[in-house]
Amino acid sequence: MGVRAKIFIALLPVFALAACAGPGATGGASPSLGPGPVTPDSLIGVAPSAISARLGQPDFRRTEPEAEIWQYGGGDCSLFVYFYKVDGGALGARHVDARKVQGGAADKSACLASVVARRGPMS
């Protein structure tokens, strides 16, 4: 095996970890959601206050030293928003997931739409 191949193999885990970084993963949390419809991707990088202003308070909130998980009920699904501390120690949404009530993955966009519909229009 050549030197270049060995270097490439040695750096492969670094590239894989870099690909895991979400949008805005190194910046601070945005204080507001952009205009337009709310999508799972539009929640990424947003501060908890902006999400609660749009979706209301979560049905369940789990707080850890460096993170929070918010759960919203959407009828036949649950929407989860995962917040982690970003630069400066503020929380920012880094991941959104949706699960069926019976178990298993649910469509994130459909579940978010269900949450928005159940809670009515927010500011």
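With each pseudo-label sitting 7 Å past Cα toward Cβ, what's the TYR84-ARG119 distance in nm, one decimal?
Output for this residue pair reads 2.3 nm.
Taking 0.36 nm per residue of separation and subtracting the Cα-Cα distance, what length does fully extending ASP59 through GLN102 add?
13.7 nm
Could you derive backbone 3J(HN,Hα) for region 40-49 from the dihedral phi with the Karplus parameters 6.51, -1.76 and 1.60 (θ = phi - 60°), listing whole Hz in sequence and x where the residue is Gly or Pro?
x, 5, 6, 7, 5, x, 9, 5, x, 4
Report the one residue of ALA29, SER52, PRO65 whose Cα lies farthest in the direction of the positive end of the charge dipole of region 25-119 (charges on C-beta: Lys and Arg +1, Asp and Glu -1; origin at the Cα centre).
SER52
So if I place +1 on the C-beta of Lys and Arg and -1 on the C-beta of Asp and Glu, and nothing else carries charge, what would the dipole magnitude of region 25-119 be about its Cα centre? I want it in debye, nearest 20.
With Lys and Arg at +1 and Asp and Glu at -1, about 200 debye.
Taking K and R as +1 and D and E as -1, what net charge do the other residues with C-beta under 15 Å from the C-beta of TYR82 add up to?
+1
Here, each number is a calculation from the coordinates, and none is a lab measurement. Predicted model, so just to flag it, every value in this text is computed and none were measured. Glycine gets a Cβ as well: all are built from the backbone with ideal geometry, and neighbour counts include every protein chain shown.
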